[in-house]
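Student: One structure is given below, represented as structure tokens, and several questions about it will come after.
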There are 2 protein chains.
Amino acid sequence: MPDSPPSDLSRLCVHTVTTKKWSIEEAMDKYAAAGIAGITVWRDALDQRNISIIGEQLRSRNIKIVSLCRGGFFPADSDSALQAAIDDNRRAIEEAAELGAPSVVLVCGALPGQSLERSRQQIIAGISAVLPDAEAAGIQLSIEPLHPMYADDRSAINTVSQANAVCDQIDHPLLGIAVDVYHLWWDEQLEAQIRIAAQKKRLFAFHICDWMTPTTDLLNDRGLMGEGCIPIRQIRSWMEENHFTGFNEVEIFSNRWWQADPDDYLQQIKSAYLKHS
Amino acid sequence: MPDSPPSDLSRLCVHTVTTKKWSIEEAMDKYAAAGIAGITVWRDALDQRNISIIGEQLRSRNIKIVSLCRGGFFPADSDSALQAAIDDNRRAIEEAAELGAPSVVLVCGALPGQSLERSRQQIIAGISAVLPDAEAAGIQLSIEPLHPMYADDRSAINTVSQANAVCDQIDHPLLGIAVDVYHLWWDEQLEAQIRIAAQKKRLFAFHICDWMTPTTDLLNDRGLMGEGCIPIRQIRSWMEENHFTGFNEVEIFSNRWWQADPDDYLQQIKSAYLKHS
């Protein structure tokens with residue numbers, strides 16, 4: 001298993017942000033024509049749309065809706081700001097339900113100058129506040145640990161170990177973890193923590209891309225699989241050895257690729273997926 | 001202790017790279033005039049100099065030589081490249097001895113596409129190979145763990161935990177750790193791992209600067225203390241509670257600050273040090 005690439009496209013999912021030159025309407029036609037099996041929809045792609053109709057259109061094209069991306073960003077410097085974050089996460093859960101997405105990805109947030117411990121407490125409070133909504137809607141919430149280079153203002157959860165700790169503390173079957181190779185590949189505890197997450201039935205999602213050398217931008221210089229140094233196949237094997245059977249989601253923020261011809265890019269995503277994932 | 005700034009400049013050290021507009025000759029006069037107590041000398045500052053004379057000139061100005069920066073970069077894709085790295089580290093140890101620096105900082109290295117485990121094995125082999133030279137010269141070697149965003153090509157050692165593991169494996173009194181807040185501030189294990197390092201008499205050095213939000217460049221957008229989100233004083237208190245009595249070394253790579261007037265910058269370093277460290 002560790003040495004074999006995916007045998008087909010049946011578990012390939014693409015995030016709308018990856019091909020953000022396309023509207024959601026264009027993306028669904030292009031993905032369907034290219035045989036992309038799954039989609040994770042970013043909320044901005046749904047702006048001013050009838051969300052349930054978008055969901056129907058995706059299903060009618062046999063594209064599986066994997067997740068809605070993204071909620072989170074709970075850390076706040078006032079009670080009213082934390083409440084606003086909670087309200088926004090409730091809307092995300094509603095949107096996921098309308099779309100027919102089974103889960104919402106959480107980028108948990110951080111606040112420069114506020115301690116990471118305090119941010120983690122607010123993250124736990126925020127997730128706990130919205131879990132009744134998730135329960136009522138039957139929507140999973142997936143904590144996505146972000147790379148430590150985003151610990152200043154994007155996520156106080158930077159390892160699977162920390163995500164496991166938050167899940168332990170809240171302890172709810174609808175709360176789990178999205179493993180993204182970009183954020184986590186460097187962590188020597190990754191395999192062990194994936195195993196723990198699996199034992200607790202928390203392996204909800206798997207995101208792939210690659211780490212460029214040099215990386216010229218902290219946010220938008222990710223690579224297509226095979227362009228960088230991440231042992232993607234090895235990490236995928238850890239997921240699968242631990243009985244993860246979900247999609248391999250291609251989530252690439254790249255100024256370089258966003259400038260490319262999107263039809264050509266989608267073909268390159270498919271071939272990189274089959275060769276380097 | 002956690003809430004008090006440094007009471008004076010007696011433990012302030014500046015890295016030559018911080019004020020790299022100045023030659024080493026200019027820097028030593030400027031530092032002496034400004035009352036900077038210590039200097040860590042980067043090897044490029046010694047290019048085409050008589051190193052022992054530079055050492056004498058620093059001592060005659062009452063500037064304490066804290067470290068020579070830097071050796072390391074052991075990971076290699078061939079035996080001859082690893083041997084070249086070992087030879088270069090031997091030269092660094094010789095240079096430190098000529099200069100009168102008691103230690104060499106090691107940025108251990110990494111190689112894109114080579115597993116971090118393999119790189120760590122080469123790091124251990126490389127350090128082991130040069131320790132007899134360090135012993136003969138009486139020079140300490142300080143492993144500096146780098147931020148995980150440098151795990152691709154600069155360091156396979158990304159936490160104090162990993163540095164402690166390497167030190168455990170080699171187990172030599174001249175091998176220790178340089179704690180740099182920029183690389184390590186996000187790690188929830190930092191305090192515990194500093195304590196372990198202290199118990200094993202490995203707390204060799206302490207580097208300070210700050211983390212900017214946003215950070216616009218992975219290498220050269222560090223902040224002056226107080227400009228960013230790192231809890232510098234808290235981390236310093238962990239060092240001091242564990243009996244670290246060495247210098248607080250200001251090591252700032254910043255395209256922005258490098259463009260500033262260096263005399264003004266040095267004054268700002270002093271005042272930021274007294275206010276925000």
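Student: For a label point 7 angstrom out from the Cα of B:A125 toward its Cβ, which stretches of region B:60-90 have the backbone nitrogen within less than 19 Å?
Tutor: Only B:72-90 pass the distance filter.
Student: Could I ask something else about it? By DSSP, what percent of the beta bridges with both residues in the protein assembly as shown are antiparallel, rounded to the nearest 5?
Tutor: Counting DSSP beta bridges with both partners in the protein assembly as shown, the antiparallel share is about 10 percent.
Student: Say each of A:S60 and B:L219 gets a label point 7 Å from the Cα, pointing the same way as Cα to Cβ; how far apart are those two points in nm?
Tutor: 5.3 nm
Student: When the dipole is taken about the Cα centre of chain B, and only Lys, Arg (+1) and Asp, Glu (-1) are charged at their Cβ, what size is it in debye, to the nearest 20?
Tutor: Roughly 480 debye for chain B.
Student: Once you've got the GNM for chain A with C-alpha springs shorter than 10 Å, pick whichever of A:E241, A:E188, A:E135 has the biggest mean-square fluctuation.
Tutor: Highest fluctuation among the options: A:E188.
Student: I want the local charge near B:A178. Using Cβ-Cβ distances under 12 Å, sum +1 for each Lys or Arg and -1 for each Asp or Glu among the other residues.
Tutor: -2
Student: Would you mind checking which residues have amide H under 5 Å from A:H207's amide H? H placed 1.01 Å from N; only 5 or more apart, or other chain.
Tutor: Placed amide hydrogens put A:V179, A:D180, A:V181, A:E249 under 5 Å from A:H207.
Student: What is the sum of charges around A:A92, taking Lys and Arg as +1, Asp and Glu as -1, for the other residues whose C-beta is under 13 Å from the C-beta of A:A92?
Tutor: Result for the local shell: -3.
Student: On to the next question. Over 25 Å between Cα atoms, which of A:K20/A:K64; A:K64/A:K270; A:K200/A:K275; A:K200/A:K270; A:K20/A:K201 qualify?
Tutor: In this structure, A:K200/A:K275; A:K200/A:K270; A:K20/A:K201 lie more than 25 Å apart at Cα.
Student: Could you compute the FRET efficiency for A:Q114 and B:S237, with r as their C-beta to C-beta distance and R0 at 25 Å, rounded to 0.05?
Tutor: It comes out at approximately 0.85.
Student: For region A:140-199, what's the radius of gyration and Dmax over Cα atoms, in angstrom?
Tutor: Cα radius of gyration and Dmax of region A:140-199 are 10.8, 31 Å respectively.
Student: Next question. Report the local net charge at A:S161: Lys and Arg +1, Asp and Glu -1, summed over other residues whose C-beta lies under 9 Å from its C-beta.
Tutor: Within the 9 Å Cβ shell, the charges total -2.
Student: Counting DSSP beta bridges with both partners in region A:12-276, what percentage is antiparallel, nearest 5?
Tutor: 10 percent
Student: Roughly what % of DSSP beta bridges within region A:75-188 run antiparallel, to the nearest 5?
Tutor: The antiparallel proportion sits near 0 percent.
Student: Treat each spin label as a single point 7 Å out from the Cα along the C-beta direction, and report the A:K201 to B:Q267 distance in nm.
Tutor: That separation, rounded to one decimal, is 6.6 nm.
Student: If you bin the C-alpha pair distances of region A:12-276 every 10 Å from 0, what whole percents do you get?
Tutor: 7, 31, 38, 21, 2
Student: How many angstrom separate the Cα center of region A:129-189 from the Cα center of region A:27-57?
Tutor: Cα centroid to Cα centroid, the span is 25 Å.
Student: Hey, with R₀ at 41 Å, roughly what FRET efficiency would A:D171 and B:D77 work out to, going by the Cβ-Cβ distance, to 0.05?
Tutor: Calculated value: 0.30.
Student: Same structure, new question: Report the label-to-label distance for A:N50 and B:D47 in nanometres (one decimal), using points 7 Å from each Cα along the Cα→Cβ vector.
Tutor: 6.8 nm
Student: Hey, what number do you get for chain A at 222 nm if only DSSP H runs of n ≥ 4 count, each worth -39500 (n - 2.57), divided across all residues, to the nearest 500?
Tutor: -13500 deg cm²/dmol
Where a number appears in this text, it was derived from the coordinates with a stated rule and is not lab data. All of these numbers come straight from a predicted model, not from anything done at the bench. Cβ sites come from the backbone with ideal geometry, for glycine too, and all protein chains shown count toward neighbours.
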